[in-house]
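> Below is the structure I would like to discuss, written out as structure tokens.
The values are calculated or read from the model by the stated rules, or taken from the named source; none is laboratory data. This is a predicted model, so every value here is computed, not measured. Glycine gets a Cβ as well: all are built from the backbone with ideal geometry, and neighbour counts include every protein chain shown. Just so you know, the surface numbers come from the protein's heavy atoms only, side chains and all, with ligands and any DNA or RNA stripped out. Shrake-Rupley method; radii C 1.70, N 1.55, O 1.52, S 1.80 Å.
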Amino acid sequence: MEEILEDAKDELKRVDHLIFVTLKYTRTVDVIKSVIERMITFFDFAIDALLKHAKGKKMITEIPSNIGLRSSLVKKSFSGNAEILEGIDFYQTLRK
């Protein structure tokens, strides 16, 4: 699980660089698309880590392969955490 969290952290570093360095000098749609794609990848890693944590704590029995089911399972499993719910809503908006 720590490896997944490191991958997520690396994706956030790339997003940060794209926004604060690359976008400063290259204001194109390709850069913005790349930022969105990297953010989606970050959320994929984060959802995977959350689900593995929930499975380790016996909150869930299995991890689905469908990303829609995965995000809804995270929302259901961590319904008490407003930050996670807000993040999942943002993730679903990005995917649309």
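> What does the accessible area per residue of the chain come to in Å², with a 1.4 Å probe and no ligands, DNA or RNA counted?
It amounts to 69 Å² per residue over the chain.
> Another question about this same structure. Using a 1.4 angstrom probe on the protein heavy atoms only, line up Lys13, Lys55 by accessible area, largest first.
Lys13, Lys55
> For a quick check: with amide H placed at 1.01 Å from N, whose amide H comes under 5 Å from Phe78's, ignoring anything fewer than 5 positions away on the same chain?
none
> Continuing with the same structure: When the Cα atoms of the range 55-96 are enclosed in a convex hull and the volume is divided per residue, what value in Å³ results?
Hull volume normalised by residue count: 66 Å³.
> If I fit a long axis through the Cα atoms of helix 82-95 and take the longest principal axis of the Cα atoms of the chain, what angle between them do I get, 0 to 90°, rounded to 10?
60 degrees
> On to the next question. Using the alpha carbon gyration tensor of the chain, what are the three equivalent-ellipsoid semi-axes (square root of 5 times each eigenvalue), largest first, in whole Å?
Its equivalent ellipsoid spans semi-axes of 28, 14, 11 Å.
> State, to one decimal in nm, how far the label point of Glu37 lies from the label point of Ile63, with both points 7 Å from Cα in the Cβ direction.
Distance between label points: 2.4 nm.
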